[in-house]
Structure formats: structure tokens, C-alpha cells
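Throughout, read-outs are computed from the coordinates displayed, never taken from laboratory work. The model shown is predicted, which means the values in this text are computed figures rather than measured ones. Don't worry about glycine lacking a Cβ; one is built from the backbone with ideal geometry, like all the others, and counts go over all protein chains shown.
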Amino acid sequence: MTNKFPDSIKLLTDTLWRIKDKKDLQNFIEDSFTPKEIIDLADRIKIFEALLEWKSQRSIANELELSVTTVNRGSRILQYWTWIITKIFKK
């Protein structure tokens, strides 16, 4: 990643934080990202949820029709950032 990353993440966070209405947020996402980008992010969220339910990586890959490598990437994120992911997806 380049040195633009810190400013970019701040801009994205600040922008999303300003959107208070769920429908406005949905419209912003649809207008700002490609269908593939939206699907990829949604898949990542589904992976986090399934991993937090202690499902195996292979069963998650089969269920979501993803590669085990993709699921493994989500698993690695959880290894280092479990506190924020569990806070967001706590049931």
C-alpha cells in the first residue's frame, strides 16, 4: 500500500460516518463501488460471521462457493484483529 492509505481510510471512515440514514448509505455504496467490489466485501463479512461460529474453512468455502484460499485470508485477518471483528459481529 502506498502512503495514500492513511488519508484514504480516514476519508472513507469520515464519509461513511456522516451517512445516518440506512437507505442513503445503501445508495452511496451502490453508486460508489462496482458490483464485484460490493460482492467481495459482503463475502468477507460472511466469512467473518461463519468463522466466528467456528465453522471449518472448507465448509465455509463450500457454502459460500469461494476458494479455501479466500476463506483462509479472512481467517488470517481474524487472527490479528479478532477484537474489532468480534465487537462488530457479536450476536
Exercise. Angle, helix 35-52 long axis vs. longest principal axis of the chain, Cα atoms, 0 to 90°, nearest 10?
Worked result: 50
For this session: Over all alpha-carbon pairs of the chain, lay out the pair-distance distribution in 5 Å bins, whole %, shortest bin first.
Result: 2, 12, 18, 18, 23, 16, 9, 2
For this session: Considering Cα pairs under 8 angstrom that are at least six residues apart, work out the relative contact order of segment 22-89 and quote it in whole percent.
Result: 25
Exercise. Within a Cβ distance under 15 Å of Trp81, other residues only, what is the Lys/Arg minus Asp/Glu net charge?
Worked result: +4
For this session: Report, to the nearest 10°, how far helix 68-89 tilts away from the longest principal axis of the Cα atoms in the chain, using its own Cα long axis and a range of 0 to 90°.
Result: 60
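Report the gain in length on full extension from Leu41 to Trp81: 0.36 nm times residue separation, minus Cα-Cα distance, nm rounded to one decimal. Provide the component values of the computation, followed by the final result.
Details: separation 40, 0.36 × 40 = 14.40 nm, distance 1.64 nm.
Taking 0.36 nm per residue and subtracting the Cα distance, the gain is 12.8 nm.
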Seminar exercise, completed: Using alpha carbon centers only, segment 1-57 is separated from segment 61-79 by a whole-angstrom value of 17
Exercise. What is the helix-to-structure angle for 5-18, meaning the angle in degrees between its Cα long axis and the longest Cα principal axis of the chain, kept from 0 to 90 and rounded to the nearest 10?
Worked result: 80
Exercise. Pairs Lys10/Lys36; Lys46/Lys87; Lys46/Lys90: which are spaced more than 20 Å apart, C-alpha to C-alpha?
Worked result: Lys10/Lys36
